[in-house]
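The values are calculated or read from the model by the stated rules, or taken from the named source; none is laboratory data. This one's a predicted model, so the numbers in the text were calculated from it and none came from an experiment. For neighbour counting, all protein chains shown are included, and Cβ atoms are generated from backbone atoms with ideal geometry for every residue, glycine included. With ligands, DNA and RNA removed, areas are computed over all heavy atoms of the protein, side chains included. Shrake-Rupley method; radii C 1.70, N 1.55, O 1.52, S 1.80 Å.
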Amino acid sequence: MGRTIAQKIIESHLLSGEMKAGEEIGLKIDQTLTQDATGTMAYLEFESMGLKRVKTEKSVAYIDHNTLQTGFENADDHRFIRTAAKKYGVWFSRPGNGICHQVHLERFGVPGKTLIGSDSHTPTGGGLGMLAFGAGGMDVAAAMGGGAYYITMPKMMRVNLTGKLSPFVTAKDVALEILRLLSVKGGVGYIIEWGGEGVKTLGVPERATITNMGAELGATTSVFPSDEVTRAFLASQGREGDFVPLESDPDAVYDKTIEIDLGKLEPLVALPHSPDNIVKVREIEGKKVDQVCIGSCTNSSLADLLKVAAILRGNRVADGTDLSVSPGSERVLSELVRSGALADILSSGARLLECACGPCIGMGFAPGSGGVSLRTFNRNFEGRSGTKDAGVYLCSPETAAVSAIRGAVTDPRAFGKPIEVRLPERYGSDDGGIIPPAPEAEAEGLEAVKGPNIKPFPVGGKLPGSMSLKVSLKTGDNITTDHIMPAGAKILPYRSNIPHMSQFCFSAVDKDFPARAEEYGQSVVVGGVNYGQGSSREHAALVPLYLGVRAVIAKSFARIHAANLVNAGIIPFEFENPDDYDEISLSDEISLPDLSGIKTGGRVEATDMRTGKKFALRCTLTGRAREVLFAGGLLNYAKEQGAQGRG
Ligand code: MIC
Ligand code: SF4
């Protein structure tokens, strides 16, 4: 039987398990990436696993999420990551050098290789034909040490593209269209392969926009073929030697197939507060916009920003609107300078922000109260912009730029003449933004320098035979990791200080949660469907662990978050009958008299001690994940298994 692209890459990296959907597989990981907001924890975990030097082909540490350095905390974290990278064999991308996913595409990504990154948008690498996964820091640490990355073998979905995009309709509109079709849960359990004739019409940055937003679908990852377009992109980055062709077999079998005619799409926009809340731009045309933000790992490539510059050339940003532009990388910014396009952007009245995540994660440029913010980003969760009552709308760079000029949401086709941009055959750059690791012989004597903001992190305890837990929080559906552990300029400097962060846990949902959880000592959180969607931040597991949360009972979980809970030693239970959710109230006591059911089929009986009602829970984990959970998390498990953390 023929193979899909993903199956080919999995097959050549399979360390354990069978390629059958639903089975646990262990993959050899060729490359890893970390960013600063998850990276401090990942390198601390790497150290505490007793690992000395990375064993991957390439590991890269990026500083892109928090570059504000409003105090020593953030600067100390950067220094820790820089010195840890030098010592452990990791390449280091300086603050300001760019957003991890954009820089990784340009400099390090290789078709056919596996990549895991402590950031949920790591599947961006799929635009280059990599099999790239977002993961928690502990999984990345284990992979850096040469350990396998374990996932449940996903099903295969194929999206066939036909036709060609019309002027002013973009790859972002393709990403929004698939979210409209499938919703934020529609990709769960799948690897999405993009194929068909239409693929040839999309450049690598456009493909990467689409694989990037596969994270919003909940997909395990997304991947494009590696073809002549890929070769040309690698050549433009001075890396043609890294090119490998890759395509699926004609008789490959998919569990689900979707057809999209690119020629039939039109500009789309996601309304607050979910990326799948999609309408046509013209349906909300005329809505006044207070700010427009162009950038993020979804839309900050040179192609995107040259189009933005062409739209802004000779025009002014509307008086009542602010426009920010954050290029994805130093290479993109330098090319904007060389081509003169930056002057077109600046003279329109736009603000140039650093080559970093910036407003996407609430690091500056927060909207005013009740503000309408139109962004080329990938997430518009409530409060993520830094302003709780702001409404964030997601759209393409073209829609954003034309709307910035008009001061109101505008279908970019109103701009008139189609825009053609010329990309350089070869990007120019010196490599000052990248610091190589120290040679192995020198590494031993180096120190990974820790500042006072780095505090010990919690480690779970062995799972007991039974537990009785009070409900410290009951939430609704689609709780994001931004709800569980918010980011933003006030909290992000404390990503390596769990005790400090704990005071903000669930602050957007219930301000009293931290105090209540501490009062209860040990507790359980109850949630709805798709609990933990969004980010890969393991803080959304480690901070609840610190506050005594031992289990989460939900109707269903997002993949990375469920893995992070297990890695932290917190039980992710699903209701066998989702209606039982309705009968549980805050502060009820849930008795779990026999947890051994997790080992034997995954079924556990529970009793709500207030109502006396008995109900069944499911925790169907693969063999290894079960062992990790019973050991009290991945760090304990890795110690049990010996220094390598291999399962
Ligand atoms: C995000 O987009 O939510 C983030 C911030 O990049 C996160 C990582 C983090 O929380 O540090 C992600 O996507 O994993
Ligand atoms: Fe950074 Fe935003 Fe991309 Fe996350 S989604 S990596 S915060 S740019």
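Of all residues in the range 456-481 being within 16 Å of ligand 1 (Cβ to nearest atom) and at pLDDT 95 or above, which is nearest to residue 544 (Cα to Cα)? Explain how you work it out, then say what you get.
Step one: list which residues in the range 456-481 are within 16 Å of ligand 1 (Cβ to nearest atom), which gives 457, 478-481.
Applying the additional criterion that residues be at pLDDT 95 or above yields 479-481.
Working: 479: 14, 480: 14, 481: 12 Å.
It comes out as 481.
Of the listed requirements (1) within 15 Å of ligand 2 (Cβ to nearest atom); (2) assigned to a helix (DSSP H, G or I); (3) open to solvent by 10 Å² or more (accessible area, probe 1.4 Å), residue 123 misses just one: (3).
If only residues of the range 515-542 that are open to solvent by 20 Å² or more (accessible area, probe 1.4 Å) and among the aliphatic types (A, V, I, L, M) are counted, the one that is nearest to ligand 2 (Cβ to nearest atom) is 529. Within the range 464-490, the set of residues being open to solvent by less than 20 Å² (accessible area, probe 1.4 Å), assigned to a loop (DSSP other than H, G, I, E, B) and under 20 Å from residue 566 (Cβ atoms) comprises 475, 479, 485. The set of residues from the range 347-389 being within 16 Å of ligand 2 (Cβ to nearest atom), part of a loop (DSSP other than H, G, I, E, B) and either aliphatic (A, V, I, L, M) or on the phi > 0 side of the Ramachandran plot (or both) comprises 353, 356, 362, 363, 364, 365, 366, 383, 386. Would you mind telling me which numbered condition in (1) closer than 20 Å to residue 453 by Cα; (2) modelled with pLDDT of 95 or more; (3) within 16 Å of ligand 2 (Cβ to nearest atom) residue 498 fails? The single condition residue 498 does not satisfy is (3).
With respect to residue 317, is the statement that it is within 25 Å of residue 68 (Cβ to Cβ), open to solvent by 10 Å² or more (accessible area, probe 1.4 Å) and of a type in the set (Val, Ile, Thr) true? Judged against the criteria, residue 317 is a match. Within the range 293-314, the residues that satisfy the criterion of being open to solvent by less than 30 Å² (accessible area, probe 1.4 Å) and either on the phi > 0 side of the Ramachandran plot or of a type in the set (Ser, Thr, Tyr) (or both) are 295, 296, 298, 300, 301. Looking for whichever is on the phi < 0 side of the Ramachandran plot and either modelled with pLDDT under 95 or buried (at least 24 other Cβ atoms within 10 Å of the Cβ) (or both) here; the options are 95, 111. Which one fits? After ruling out the rest, the residue left standing is 111.
In the range 588-611, which residue that is in contact with a helix residue (DSSP H, G or I) (Cβ under 8 Å, 6 or more places away or on another chain) and in a loop (DSSP other than H, G, I, E, B) is farthest from residue 633 (Cα to Cα)?
Quick first cut of the range 588-611, residues in contact with a helix residue (DSSP H, G or I) (Cβ under 8 Å, 6 or more places away or on another chain) only: 598-599, 603-605, 608, 611.
Filter once more, keeping what is in a loop (DSSP other than H, G, I, E, B): 599, 611.
Details: 599: 15, 611: 32 Å.
By that ranking, first place goes to 611.
Within the range 424-450, which residues are small (Gly, Ala, Ser) and touching a helix residue (DSSP H, G or I) at 6+ places or on another chain (Cβ under 7 Å)? Scanning the range 424-450 gives 428, 429, 433, 438, 443, 448. Among the candidates 629, 565, 621, 545, the residue that is in a loop (DSSP other than H, G, I, E, B), buried (at least 17 other Cβ atoms within 10 Å of the Cβ) and either within 25 Å of the chain's Cα centre (by Cα) or without any contact (Cβ under 8 Å) to a residue 60 or more places away in the chain (or both) is uniquely 621. Within the range 14-40, the residues that satisfy the criterion of being closer than 30 Å to residue 82 by Cβ, away from ligand 2 (no atom under 16 Å from the Cβ) and not β-branched (Val, Ile, Thr) are 27, 28, 30, 31. Residue 388 satisfies every condition listed in (1) surrounded by fewer than 19 Cβ atoms within 10 Å (Cβ to Cβ); (2) of a type outside the set (A, V, I, L, M, F, W, C); (3) within 16 Å of ligand 1 (Cβ to nearest atom) except (3).
Could you please give the count of residues in the range 451-463 that are touching a Phe, Trp or Tyr at 6+ places or on another chain (Cβ under 9 Å) and either surrounded by 18 or more Cβ atoms within 10 Å (Cβ to Cβ) or outside any loop (DSSP other than H, G, I, E, B) (or both)? Total meeting the criteria: 5. Of everything in the range 585-615 that is among the aliphatic types (A, V, I, L, M), out of contact with any Phe, Trp or Tyr (no Cβ under 6 Å at 6 or more places or on another chain) and closer than 30 Å to residue 457 by Cβ, the residue that is surrounded by the fewest Cβ atoms within 10 Å (Cβ to Cβ) is 586. Is at least one residue of the range 498-513 among the aliphatic types (A, V, I, L, M), within 15 Å of ligand 1 (Cβ to nearest atom) and in a loop (DSSP other than H, G, I, E, B)? Taking every residue of the range 498-513 in turn, at least one turns out to be among the aliphatic types (A, V, I, L, M), within 15 Å of ligand 1 (Cβ to nearest atom) and in a loop (DSSP other than H, G, I, E, B).
Checked against (1) open to solvent by 10 Å² or more (accessible area, probe 1.4 Å); (2) out of contact with any helix residue (DSSP H, G or I) (no Cβ under 8 Å at 6 or more places or on another chain), residue 53 meets all criteria but (2). Within this structure, residue 279 passes the test of being farther than 29 Å from residue 425 by Cβ, modelled with pLDDT of 95 or more and open to solvent by 10 Å² or more (accessible area, probe 1.4 Å).
With respect to (1) farther than 15 Å from residue 376 by Cβ; (2) out of contact with any Gly (no Cβ under 6 Å at 6 or more places or on another chain), the lone exception for residue 302 is condition (1). Residue count for the range 44-97 under the criterion of being of a type in the set (Ser, Thr, Tyr) and more than 16 Å from ligand 2 (Cβ to nearest atom): the result is 6.
Give 52, 58, 20, 28 a once-over and let me know the one that is basic (Lys, Arg) and within 19 Å of residue 432 (Cα to Cα).
Unique residue meeting the criteria: 58.
Being open to solvent by 10 Å² or more (accessible area, probe 1.4 Å) and under 23 Å from residue 425 (Cα atoms) narrows it down to one of 372, 337, 332, so name that one. Give the steps one after another, and end with the answer.
Values: 372 fails: under 23 Å from residue 425 (Cα atoms); 332 fails: open to solvent by 10 Å² or more (accessible area, probe 1.4 Å).
Only one candidate qualifies: 337.
Selection of the range 154-180 for residues being under 21 Å from the mean Cα position of the chain (by Cα) and not in a strand (DSSP E or B) yields 154, 171, 172, 173, 174, 175, 176, 177, 178, 179, 180. Mind listing whichever residues of the range 588-637 are of a type in the set (S, T, N, Q) and in contact with a Ser or Thr (Cβ under 8 Å, 6 or more places away or on another chain)? Selection gives 591, 607, 622. In the condition set (1) in contact with a Leu (Cβ under 6 Å, 6 or more places away or on another chain); (2) open to solvent by 10 Å² or more (accessible area, probe 1.4 Å); (3) among the polar types (S, T, N, Q), residue 69 is compliant with all but (1). The set of residues from the range 391-450 being assigned to a strand (DSSP E or B), within 30 Å of residue 380 (Cβ to Cβ) and within 29 Å of the chain's Cα centre (by Cα) comprises 391, 392, 393, 394.
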